[in-house]
1. Kindly indicate whether A218 is in a strand (DSSP E or B) and of a type in the set (A, V, I, L, M, F, W, C).
2. Just give me the residues in the stretch 126-147 being surrounded by fewer than 15 Cβ atoms within 10 Å (Cβ to Cβ) and in contact with a Ser or Thr (Cβ under 6 Å, 6 or more places away or on another chain), in sequence order.
3. Looking at the stretch 30-45, which of the residues that are part of a loop (DSSP other than H, G, I, E, B) and open to solvent by less than 60 Å² (accessible area, probe 1.4 Å) is nearest to K161 (Cα to Cα)?
4. Select from the stretch 79-107 the residues that are outside any helix (DSSP H, G or I) and open to solvent by 20 Å² or more (accessible area, probe 1.4 Å) and write down the one among them that is modelled with the lowest pLDDT.
5. Only one residue in H206, H249 is over 21 Å from P41 (Cα atoms) and part of a loop (DSSP other than H, G, I, E, B). Which one?
6. Working only within the stretch 46-73, note down all residues that are open to solvent by 40 Å² or more (accessible area, probe 1.4 Å), part of a loop (DSSP other than H, G, I, E, B) and more than 17 Å from A111 (Cβ to Cβ).
7. For the stretch 1-15: of the residues being in a helix (DSSP H, G or I) and out of contact with any Phe, Trp or Tyr (no Cβ under 7 Å at 6 or more places or on another chain), which is surrounded by the fewest Cβ atoms within 10 Å (Cβ to Cβ)?
8. For the structure I just gave you, tell me whether N18 is free of Cβ contacts under 8 Å to residues at least 24 places away in the same chain, under 22 Å from the mean Cα position of the chain (by Cα) and not in a loop (DSSP other than H, G, I, E, B).
Amino acid sequence: DMEMSFATQEDVFKVIENVIPKVFKEHTDWKDPEGPFVRIPYKEAMEKYGIDKPDLRNPLIINDATTFFKNTEFNAFKDKTVKFIKVPNGALQGRKFFDSMGEFAVNECEAKGLAWFKSDEQNNLIGGISKFITDEIKSGLDVKPNDAYFFIADEFHKAQKIAGLVRIELGKRLDIIEKNIYKFCWINDFPMYEYNEDEQKIDFNHNPFSMPQGGMDALNNKDPLEILAYQYDLVCNGYELASGAVRNHNPEIMVKAFEIAGYTEDDVKKKFG
């Protein structure tokens with residue numbers, strides 16, 4: 001990242017979006033888009049891609065199906081977060097493909113399993129968990145002929161992570177990742193805090209020295225887990241190229257931010273004088 005005085009996040013974005021395309025254009029024959037780059041809030045990135053450094057050359061998207069299976073008779077989905085990935089024309093793959101994806105999810109992603117079904121040319125459901133898919137669920141999932149559907153059911157964060165790994169693997173095995181192109185994006189609006197389940201307390205999510213969005217007002221009046229930070233990553237084709245933040249330059253805001261994470265004013269002064 002860059003050291004800039006009296007600069008906003010927007011100032012950083014403008015400089016990077018001017019420099020990076022020119023550098024890539026000079027040193028590669030691959031296509032690369034001009035700025036401004038697409039901006040994806042951290043929460044959206046985790047929901048749609050299961051990872052905070054998504055490869056946008058992969059067209060597959062993760063969707064949530066939890067509400068559709070709320071009253072399901074399929075025990076593996078009961079009281080779980082259910083994520084699914086729709087693969088257009090995926091029904092053309094043979095049974096071996098579906099079995100091997102299940103093995104990948106269990107062996108490489110620590111998943112309990114990878115449920116699936118597919119639809120034929122008449123949009124009839126076949127294979128996998130198709131017998132548990134009611135007309136109501138079918139409508140909610142917007143099932144189309146010849147498509148395949150892969151499902152992950154687990155605790156919320158684990159379901160997101162596994163779905164993200166399955167999405168990447170599907171893109172590779174189906175050879176649907178766009179070729180010879182760089183796709184840049186900003187991941188921004190990172191959460192300032194997270195909940196530490198082991199210690200039962202609020203912790204910093206990423207960079208404790210970044211400026212919280214909303215400043216002191218947000219720290220005083222918002223749920224800590226709802227506070228966002230001026231933190232951002234520049235991502236290209238699944239790789240993090242740069243990571244930065246607007247520094248917290250206000251001592252009072254700094255003390256308050258650390259207080260929420262369990263530090264006293266003396267702690268802050270001693271450790272971060």
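1. Judged against the criteria, A218 is not a match.
2. Within the stretch 126-147, just P145 meets the criteria.
3. Step by step, filter the stretch 30-45, then rank; the result is F37.
4. For the stretch 79-107, the residue satisfying everything is D79.
5. Working: H206 fails: over 21 Å from P41 (Cα atoms).
Within the list H206, H249, the selection yields H249.
6. D52, K53, R57, P59, I61, K70, N71, E73
7. The initial filter retains those residues of the stretch 1-15 that are in a helix (DSSP H, G or I), namely 9-15.
Then keep just the ones that are out of contact with any Phe, Trp or Tyr (no Cβ under 7 Å at 6 or more places or on another chain); that gives 10-12, 14-15.
Details: E10: 8, D11: 13, V12: 21, K14: 14, V15: 14.
The extreme case among them is E10.
8. Here the answer is no, as N18 does not meet what is asked.
The values are calculated or read from the model by the stated rules, or taken from the named source; none is laboratory data. Bear in mind that the values here come from a model prediction, so they are computed numbers and not experimental data. Positions of Cβ are backbone-derived with ideal geometry, glycine not excepted, and every protein chain shown enters the neighbour counts. Please note that ligands, DNA and RNA were not included when accessible areas were found on the heavy atoms of the full protein model with its side chains. Shrake-Rupley method; radii C 1.70, N 1.55, O 1.52, S 1.80 Å.
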